Amino acid sequence: MFSWLHLFLWRGGSVRSLRAPNTVTDISKSPDRIAGMFDAIAGRYDLLNHLLSAGIDRRWRRRAVDSLRLTGRERVLDLCTGTADLAIAALHAAPGAARVVGVDFAAAMLRAGLEKSRRARLGERLALVRGDATRVPMADASVDAVTIAFGIRNVDAVAIACDEMHRVLKPGGRLAILEFAVPTTPGVSALYVWYLNQVLPRIGRAISRHHAAYGYLPASIGAFASPEEFVKILRQAGFAEIAAAPLTFGSVILYTARRTGARD
C-alpha cells in the first residue's frame with residue numbers, strides 16, 4: 001500500500017507539518033551530533049534504505065547520475081557520501097565517471113563505503129575522505145560534477161555548502177542533488193505524514209535499535225527548505241540552468257544545475 005512512499009533513512013534537520021502532535025524532536029545539526037548519529041546506524045543503514053524504499057532508491061540515484069551526462073572522463077565529487085552508494089553508481093554508469101571522491105564526516109559510514117568499494121574492486125577510482133561539506137577539502141575548479149544524495153539537509157550551513165560546491169566545480173560543471181520534500185497533492189501529503197510519523201520510526205528503531213536517529217530523520221524533511229527556497233539558495237551561490245524535478249509523487253526532488261562558463 002505504501003511502497004511508493006519509500007521514505008527511509010537518508011541523512012537529515014524540527015518539523016513544521018511533519019512533527020506528530022505534542023512531540024519534540026531535537027534536529028540540531030552540529031557536525032559532531034550528525035556524525036555520531038550516522039556512525040551509530042552505519043551497520044544497518046543500507047539494509048533499511050533498500051527495505052523501506054522497495055529498491056526504488058537505486059532508480060533515484062540512476063536519475064541523478066544520468067543528469068550529469070557523463071562521458072567517461074569526468075572527476076566527480078560526491079558530498080555527504082555516506083556509504084558511497086551514489087559515488088559507486090556514478091562509477092558503474094555507462095559511461096561512468098573516471099574517478100569519484102566521496103566526502104563525509106561520519107567515519108563509520110565511510111568505512112562501510114570503503115568495504116563496498118573493495119568488494120567492487122574499484123581501486124583508486126573511488127577515494128573516500130573524511131570532511132565537511134562547508135569546508136570541502138578540494139581545490140578551486142577541480143571537479144567536473146558534484147552530487148549529493150539525501151545529505152544536504154544534514155548540513156548546518158546550507159548556503160555555505162552550496163558556495164563550496166560552486167567553488168570546486170569547473171566552469172560548465174554539473175550539479176545533481178537528491179533530497180526529500182513534502183508532497184503537495186492532497187491525500188498523498190496526508191499519507192506521507194502518517195508514514196513518516198508512525199511507520200518509519202517504528203521500523204527503523206526495531207532494526208537499528210537506535211531511537212534518536214529515527215525520530216530525527218523523518219523530522220528533518222519538513223524542516224528543510226522548500227524546493228522554491230532551495231532553488232533560490234542555488235541561484236544565490238552562482239548556479240545557472242537550475243531545475244527541480246519531482247520524483248515519486250513529489251516525495252523526492254532531483255535538483256540539477258550548472259556552473260556557468262565553458263567546460264575545460
Next on the checklist: Need the full-extension length gain, R62 to A120, defined as separation in residues times 0.36 nm minus the C-alpha distance. One decimal, nm.
Outcome noted: 19.1 nm
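Please give the contour-minus-distance gain from R235 to F249: 0.36 nm per residue of separation, less the Cα-Cα distance, rounded to one decimal in nm. Display every interim value, and only then the final one.
Values: separation 14, 0.36 × 14 = 5.04 nm, distance 2.50 nm.
My answer for the length gained is 2.5 nm.
Using the beta-carbon distance between A107 and D163 and R0 = 41 Å, what value does 1/(1 + (r/R0)^6) give for FRET efficiency, to the nearest 0.05? Walk me through the numbers before you get to the answer.
Details: r = 25 Å, r/R0 = 0.62.
In this case the efficiency is close to 0.95.
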Checklist entry - Using a simple spin-label model with points 7 Å from Cα along the Cα→Cβ vector, what separation in nm is obtained for R202 and R130? => result 3.8 nm
Next on the checklist: Cβ neighbours within 10 Å, averaged per peptide: list 111-117, 169-175 in order, most packed at the top.
Outcome noted: 169-175, 111-117
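Summarise the long-distance tail of P(r) for region 59-136 by giving the % of C-alpha pairs beyond 15 Å.
Values: 1490 of 3003 pairs.
For region 59-136, the share of Cα pairs beyond 15 Å comes to 50 percent.
For N49, what charge total do you get from the other residues with a beta carbon under 9 Å from its beta carbon, if Lys and Arg give +1 and Asp and Glu give -1?
Numbers: positive: none; negative: D46, D57, D85.
Taking every Cβ under 9 Å from that of N49, the sum is -3.
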Checklist entry - If we restrict to alpha carbons, what Rg and Dmax does region 96-170 come to, in Å? => result 12.7, 36
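Read the figures in this text as sums done on the coordinates, not as results from a lab. Treat the numbers as computed from the prediction; the structure is a model and nothing was measured. Here Cβ is always computed from backbone atoms with ideal geometry, including for glycine, and neighbour counts include all displayed protein chains.
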